[in-house]
Amino acid sequence: MDMKSWRHAFKVDPAKTITDADLEKLAESGTDALIVGGSDGVDLENVLDLLARIRRYSVPVALEVSTVESVTPGFDFYFIPTVLNSTKTEWINGIHHAALKEYGHMMNWDEVMTEGYCIMNPDCTAAKLTGVQEIPDEDDVVAYARMAEHLFKLPVFYLEYSGRFGEPSVVKAAGRVLDNTRLFYGGGITNAEEAKTMAALADTVIVGNVIYTNLSAALSTVEAVKSVTHR
Ligand SMILES: CC(C)=CCC/C(C)=C/CC/C(C)=C/CC/C(C)=C/CC/C(C)=C/CC/C(C)=C/CC/C(C)=C/COP(=O)(O)OP(=O)(O)O
Ligand SMILES: O=P(O)(O)OC[C@@H](O)CO
Ligand SMILES: [Mg+2]
């Protein structure tokens with residue numbers, strides 16, 4: 001169950017449709033975890049539906065919280081994004097502050113983990129939502145990675161290219177300055193080769209959209225990531 005050993009995770013979107021048969025293939029694929037999350041259209045009903053269907057399997061499952069209203073008990077972990085390169089304070093600490101005022105007293109902190117997001121694709125939904133206007137260059141990314149590790153001591157730095165394959169040299173530069181903070185890479189992986197490229201540079205590789213466009217390609221990324229030596 002230790003998130004620190006995860007090399008591969010699938011991100012399943014409660015706002016998208018997936019059959020039980022396909023969900024079973026993901027859950028039994030050998031991936032280290034399923035992350036339930038999306039940036040748009042996530043509500044309590046679709047989160048509960050997905051959770052109930054995933055809970056038949058033993059794979060660890062995390063809810064990546066994108067709206068407070070969709071949080072429900074039953075997950076192994078709760079991942080809380082904070083967008084380090086957002087221009088709007090609500091996505092850095094504002095929604096978090098409001099949520100803790102209301103629910104802070106009932107949280108099991110052992111299950112909660114903060115992800116320091118750095119959003120790299122200006123066209124993705126999360127970039128538009130959080131007001132990411134300038135895409136960080138390599139020097140900016142290194143500074144955000146150091147911010148995550150040394151200033152804020154976050155457990156995870158998440159390089160988020162959602163929907164677009166990232167620049168390996170930038171991912172490598174982030175990895176070089178991270179020792180205690182884990183580097184999550186996500187975005188645009190559509191096949192085993194791309195998964196291997198990022199698996200050599202990041203601690204954990206997250207695969208999302210291709211689940212819904214080419215399931216067998218998505219499944220092939222599990223073995224691909226695991227075949228690559230850790231950075
Ligand atoms: C009873 C019980 C279990 C209690 C648990 C209590 C608990 C954990 C409470 C939550 C406390 C808390 C601090 C809540 C605040 C969380 C919150 C809403 C923070 C803001 C999150 C945030 C910054 C969202 C911005 C968007 C974002 C970064 C989303 C991350 C996921 C993401 C990028 C998914 C990709 O989305 P996708 O839809 O695939 O995108 P594309 O369209 O581009 O493909
Ligand atoms: O959906 P894709 O592009 O695979 O990205 C995965 C994940 O980082 C999205 O939050
Ligand atoms: Mg997506």
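Of the solvent-accessible surface of the chain, computed with a 1.4 Å probe over protein heavy atoms with every protein chain present, carbon and sulfur atoms account for 51 percent.
Between Leu129 and Tyr57, what is 0.36 nm times their sequence separation minus the Cα-Cα distance? Round to one decimal in nm. Residue separation times 0.36 nm, minus the Cα-Cα distance, leaves 22.6 nm. Cross-link partners of Lys196 among aspartates and glutamates, defined as those whose alpha carbon lies under 12 angstrom from its own and excluding same-chain residues fewer than eight positions apart: Glu223. Taking the Cα centre of the chain as origin and assigning +1 to Lys and Arg Cβ atoms and -1 to Asp and Glu Cβ atoms, the resulting dipole is close to 400 debye. Spacing of the modelled spin labels on Glu102 and Glu45, each 7 Å from Cα toward Cβ, amounts to 1.9 nm.
Please label the shape of the range 107-231 as rounded, prolate or oblate, based on the square roots a ≥ b ≥ c of the eigenvalues of the alpha-carbon gyration tensor (a/c under 1.5 means rounded; beyond that, a/b larger than b/c means prolate, else oblate). Rounded. Using a 7 Å offset from Cα along Cα-Cβ at Asp137, what residues in the range 159-187 end up with backbone N under 15 Å from the label point? Residues 170 qualify, since their backbone N sits under 15 Å from the label point.
Take the chain with all the other protein chains still there, run a 1.4 Å probe, and you get 47 Å² of accessible area per residue. Listed cross-link partners Lys153/Lys226; Lys128/Lys226; Lys11/Lys153; Lys101/Lys226 are compared with a 29 Å cut-off, the Cα-Cα value being larger for Lys128/Lys226; Lys101/Lys226.
Here's the list of aspartates and glutamates a cross-link from Lys88 could span, going by alpha-carbon distance under 19 Å and ignoring same-chain residues fewer than 8 apart: Asp40, Glu115, Asp123, Glu134, Asp140, Glu160.
Just so you know, the Cα atoms of the range 3-226 work out to an Rg and Dmax of 16.3, 45 Å.
The values are calculated or read from the model by the stated rules, or taken from the named source; none is laboratory data. Quantities reported herein were computed from a predicted structural model and do not represent experimental measurements. Here the Cβ is made from the backbone with ideal geometry for all residues, glycine too, and neighbour counts use every protein chain on show. For the accessible areas, the whole protein counts, side chains as well, though only heavy atoms, and no ligand, DNA or RNA atoms are used. Shrake-Rupley method; radii C 1.70, N 1.55, O 1.52, S 1.80 Å.
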